[in-house]
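The values are calculated or read from the model by the stated rules, or taken from the named source; none is laboratory data. For clarity, every value in this text was computed on a predicted model and none was experimentally measured. So basically every Cβ, Gly included, is an ideal-geometry build from the backbone, and we count neighbours across all protein chains shown. Areas reflect the complete protein model, heavy atoms only, side chains present, ligands, DNA and RNA absent. Shrake-Rupley method; radii C 1.70, N 1.55, O 1.52, S 1.80 Å.
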Amino acid sequence: MPDSPALTAHAVSKRFGGLVAVNDISFALAENEVLGLIGPNGSGKTTMMNLISGALRPSAGEIRLYGEDIAGIGASRIARKGVARTFQLVRMLPGLTVLENVTAGGVFGHARRWGQELNDYAHALLQRVGLPNAGDVAMTALTYIDQKRVELARALAGDPKVLLLDEWLAGLNPTELKTGIALIEQLRAEGRTIIIVEHVMHAIRSLCDRCIVMSSGAKIAEGTPRDVLADAEVIRAYLGTADA
Amino acid sequence: MDIIIIGLLLGATYALMAMGLQLQYGVARIMNLANGEMLIAGAFGTFWFYTASNASPFYALIGVIPLAFAVNWAIYRVLIVPLVRRARNQGQLEVDCILATFGLSFILVGILLAVFGGEYLSYSYLARPIFILGEPYGLNRVAAFIGSLVLCLGLYLWLHRTRPGLALRAVSVNPAAAGLVSINVTRASALAFALGGAVTAAGGVLLSMFLTFDASLGVVFTLKALIIVILGGVSDIRGAILAAFILGLAETTVASLVDPGLTLAAAYLLFMAILLVRPEGLLGRRSS
Amino acid sequence: MTSEAQAAAPVPVTKSTGHRLGITGREWRNLAIAAVLFALAAVVPLVGSGYVQSIAISIAIYTALATSWMLFSGPTNYISLATAAFFGSGMYIVAGGLDLAPYPVLVLLAGVAGALFAAVVGLATLRISGVYFVIFSLGLAELVRQIITWLQHVLGTMSGLYVYVDRSEEMFFWQLLALTAVVYLVGWWIGRSRLGFALRIIGNDELVAVHCGINTARAKVILFVISSTFAAIAGALVAPRWSYVEPTIAFSPFLSFQVVIMALLGGVHRLWGPLLGVIPFTLLWELISANFPAQTTLLLGAAFLLIVYFIPNGVVGLIEDALRQRGEWLKSLRLLLVRRSRDA
């Protein structure tokens, strides 16, 4: 592991009243690494993403971006420091055009553009996610999958250093999945650090350098996708015990 | 000492009023800016009843409650349901409801003005002192206090001990999930809205026993009820009751120590305190 | 790794050049049209009768107020019901300060006070959900009224104040027209700025907005301050025309209500939208208040509901729908003609 990680979590916890959604999670993520966050539904993956992106404030622990503590400083400041995300259920800006949905991510975020430069950049991003001619279309006219593409373009518009993808590949058909995986690989090749939450194990295997498995808020395994997916405790977390 | 007792006496009526709004906002999820006008309408109705018949204003409850229930049921069916159908999301519904009920509040004020005129009204009922801990208090205040307590308790028991009450509480927690267990959410919401309106009007009946009011006073009560509900936490009826007494005390304190004309300032001070310290309400759970 | 080394990381981060868009030809054209319209409007009081002048002044007041209301509430969907609080405060600063300072200074002071007041209210309420803001704004005018009444009581002054400033009707109109022009210019500037874009994003989805890096609280407070400053200045400009100011008049909830209703009637997603609501509504209101003076509240409420239910997108929405239909009609006509000529 390199001496200066891009993102570290140290003993991060999040409690909602009596419920511990994220329990004492620690990890370190090297620059340019792709980390998979997996686990059964309700295991706290999305909460963890919300803690990193600043949508939620951790109850305890530290999250550091290039050494700087970003826990609880607020989502907008975290976004400006170079963390971008997509949402598990797409959140679009329905009153704006597709192009504006993308530019929204590039005006106030990490890298800032404006005017023609921003529009050109957003057009290029739309092309990249596979929607070359959708700029002037109303957001509501797009299919769910296309909305997901726009959301990724929006996340990329601020040129983030760390990208959080929450089930971005879910719902894609096999061909789309292939393009999607290739796209994430490209993003990594550009030097971005990526965390993906995903149930598509095929994607986890081909994309991730490392996986963290969560169950009931706690980290139960960490390692390469191959090792982790063979781990007995992980199988039990997903499928239950044999005598259950 | 008398500040505390007057504050408590006032607080009970506020609690009733806030429970009415809570049914509308917490269960039916309608931000009703015409709530205070419903209260004033109850007060006007009582005034009319009392001056016409000279019978106890408590009997006015028998007419006011069903009437307000019917009117609010109709308001929900005619005005609110189309908005619910039209809304593309919760935010738009909220904005539409705020606008529609704001317009409605002016209509109600207009009707009250047309029927009763713009004068300040009050009537004299049980206007004799009763001694509590050696100090005299208006017997009408005490009567209104007891009436409010009885109604609050009844409503609380109804919500917690009956099937329709359970349905309403279920909708308030999660309308979508309530629909899944075959609760008719539209019906339950209409019921909550109508009941809320009836309870608010009943609050008006009781307040009219010791208060001078005019047609334009509604907005002040809307605001007080909203502040109580926020202070108490939107989904918690016990919080609202506690908050109502806090507001009653705060208001009485400001009125007797500074100036009786500044009651709203007390409410706003409380509001500011909540906004800055506990936006989720007194007993509310900190949400995500 | 040092921070310099991080900056040299392979991430292709382009820092903003921050250059601004020049004004396009189309924008110059619109500005020119607006300038001509304002010039035409400025002539109205010179040619019209006293009655026309008074209606023109009403229209100017409400255009300034409804447009500045729309600057904040239009894109964000945060309904402000507090116009009267700022308008009345502006009025009272003029009414109460005339013995102490010259009138123009007081107008400026009203603007500053309105801005500060809005900043305090905005900082307290706009960081949390929109509902709290609406509730807070609902009683704000009443709160200020109570406080001023109490202050007058404590200071032992009269509750009503006379405001004498020598101004002709034409001058009142021109002052308000100038204010309206400033509102439009500021609105136009916001509309093409990042701030305006930020507000549109906030109005669509506030959670997305923060994740785009927008400091949502700041953007909202800035716009609320701008909007309220205009309302306070409008109050300061109108005070001398009313010549007598007292708390119940200055902080009337009617004003807040009328501003909202006019803006909604016109449409809140175009800068010129409120104007299209102000003109018909002011004329209609003249008729109503002349013929049914006792029923104004009731009719105002009814008009409001009619607009909310039947013209939810305002006159602008109706116009845009009509244009769209005409466009589609023309398109199908053209297709038909092309097909005809091909067949022939």
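Structure above, values below:
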| read-out | value |
| --- | --- |
| Simple Cβ-charge dipole of the protein assembly as shown, Lys/Arg +1 and Asp/Glu -1, about Cα centre, in debye nearest 20 | 1500 debye |
| Residue mean of other protein chain beta carbons inside 10 Å, C:198-206 | 5 |
| 0 to 90° range, to nearest 10: angle between helix B:2-22 axis and chain B longest Cα axis | 30 degrees |
| Between 0 and 90°, nearest 10: helix B:218-232 axis offset from chain B longest Cα axis | 70 degrees |
| Assigned charges on the beta-carbon of Lys, Arg, Asp, Glu; the range C:82-192 dipole about Cα centre (debye) | 420 debye |
| Axial C-alpha extent at least 18 Å, average Kyte-Doolittle at least -1.0 - helices from chain A (DSSP) | A:115-128, A:144-157, A:174-189 |
| Peptide-level mean, for A:114-121, of C-beta atoms on other protein chains within 10 Å | 4 |
| Cα-Cα over 19 Å, subset of A:148/C:220; A:14/A:45; A:14/A:219; A:81/C:220; A:14/A:148 | A:148/C:220; A:81/C:220; A:14/A:148 |
| Accessible area of the range B:9-217 belonging to carbon and sulfur atoms, whole % at 1.4 Å probe | 65 percent |
| Helix-derived mean residue ellipticity, 222 nm - over chain A, DSSP H n ≥ 4, -39500 (n - 2.57), to 500 | -11000 deg cm²/dmol |
| Long-range amide H partners of residue A:85 with built H, under 5 Å | A:164 |
| Sites residue B:124 and residue B:184, calculated FRET efficiency, Cβ-Cβ separation with R0 56 Å, nearest 0.05 | 0.75 |
| Probe 1.4 Å - accessible area at residue C:225, Å² to nearest ten | 30 Å² |
| Span-like helix ranges in chain C, DSSP H, alpha carbon extent 18 angstrom or more, Kyte mean at least -0.5 | C:25-47, C:50-76, C:83-97, C:103-125, C:130-155, C:169-191, C:216-242, C:253-266, C:273-291, C:296-310, C:314-343 |
| Rounded to 5, percent antiparallel among DSSP beta bridges of chain A | 55 percent |
| Chain C - mean residue ellipticity at 222 nm from DSSP helices (-39,500 (n - 2.57) per run, n ≥ 4, rounded to 500) | -26500 deg cm²/dmol |
| Exposed-site-free run, longest, chain C (rule: trypsin sites (Lys or Arg not before Pro); DSSP loop; at most 12 other C-beta within 10 Å) | C:21-344 |
| The range A:1-90, dipole about Cα centre (Lys/Arg Cβ +1, Asp/Glu Cβ -1), debye to the nearest 20 | 440 debye |
| Of B:229, B:219, B:254, the one that fluctuates the most in a GNM where chain B has Cα springs shorter than 10 Å | B:254 |
| Ranking by accessible area, most exposed first, for C:208, C:338 with a 1.4 Å probe | C:338, C:208 |
| Between 0 and 90°, nearest 10: helix B:263-277 axis offset from chain B longest Cα axis | 40 degrees |
